[in-house]
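The next block holds one structure in the form of structure tokens; read it before the comments.
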Amino acid sequence: MDNIKFRQGNKNNGHYYYWGNIDGGWVDPKKTDNYISPDKSDRFINMKDDNDVEIYEGDRVEVEFPYIWGDLFVRKGEVKYSDKMAKFYIDLEEDVEYFGRLDFEGIEIPINTIKIIE
């Protein structure tokens, strides 16, 4: 897995410091900085959105997915990681009944499009 990357947010200006396996070499995280929290890093989920932007844990995204009879749902949510399922998922802001189910844990739903909104 050569896309082991993380980002740390700058509290002052909102920019990110990227660390991990970058351009074929290892870059260490920032340990001490007045603006970057050394304890908070977002993981790259090895996916890009429809605009070719890398998606990280903590990003807010808008997703479009198919529903019964060809209808489409568009919902917003946050990218999170589940230790229990050992994978990333999107925590939707609104409940959606998907094929008669409101509980999505363990269910994979095909996504047509995904876009970072924040």
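The values are calculated or read from the model by the stated rules, or taken from the named source; none is laboratory data. These numbers were taken from a predicted model, which means no experiment stands behind them. Cβ atoms come from the backbone with ideal geometry, glycine included; neighbour counts cover every protein chain shown.
To keep it simple, each residue is scored yes or no on (1) surrounded by 13 or more Cβ atoms within 10 Å (Cβ to Cβ); (2) of a type in the set (A, V, I, L, M, F, W, C); (3) outside any strand (DSSP E or B); (4) modelled with pLDDT under 80.
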| site | (1), (2), (3), (4) |
| --- | --- |
| 9 | yes, no, no, no |
| 17 | yes, no, no, no |
| 31 | no, no, yes, yes |
| 47 | yes, yes, no, no |
Before we move on, is residue 104 modelled with pLDDT under 70, in contact with a helix residue (DSSP H, G or I) (Cβ under 7 Å, 6 or more places away or on another chain), surrounded by fewer than 16 Cβ atoms within 10 Å (Cβ to Cβ) and not assigned by TED's automatic domain parsing to the domain that holds residue 4? no
From the list 115, 84, 76, which residue is of a type outside the set (S, T, N, Q), closer than 29 Å to residue 18 by Cβ, at pLDDT 80 or above and loosely packed, with under 14 Cβ neighbours inside 10 Å? 84
